[in-house]
Amino acid sequence: MLYWTVIFLIIALVAGVLGFGGVSSAASGIAKILFVIFLVLFLISLVAGQGWI
């Protein structure tokens, strides 16, 4: 999941440098969403691994 976040972030940066604002905006939005999903899944797995639940 984090791999795809980095890929979309790189796409957003390259598109931004080349002047493709729409593509850059879309790619950065996807990267933000994937990063939030990654954080939620990471925290769930961290808590589940501790045996607190």
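Worth pointing out:
- The chain, Rg to Rh (Cα coordinates; Rh as Kirkwood inverse mean 1/r): 1.23
- Across the chain, the relative contact order, built from alpha-carbon pairs under 8 Å that are at least six residues apart, equals 38 percent.
- CD proxy at 222 nm, helix term only [per DSSP H run n ≥ 4: -39500 (n - 2.57); per residue of the chain; nearest 500]: -31000 deg cm²/dmol
- Nearest 10 degrees, 0 to 90: helix 21-50 Cα axis against the chain principal axis: 10
- Spin-label pair residue 41/residue 18, simplified geometry with 7 Å Cα→Cβ offset, distance in nm: 2.8
Computed from the coordinates by the stated procedures, all read-outs in this text should not be read as laboratory data. In this text, all values refer to a predicted model and were calculated from it rather than measured experimentally. Cβ coordinates were reconstructed from backbone atoms using ideal geometry, including for glycine residues, and neighbour counts include every protein chain displayed.
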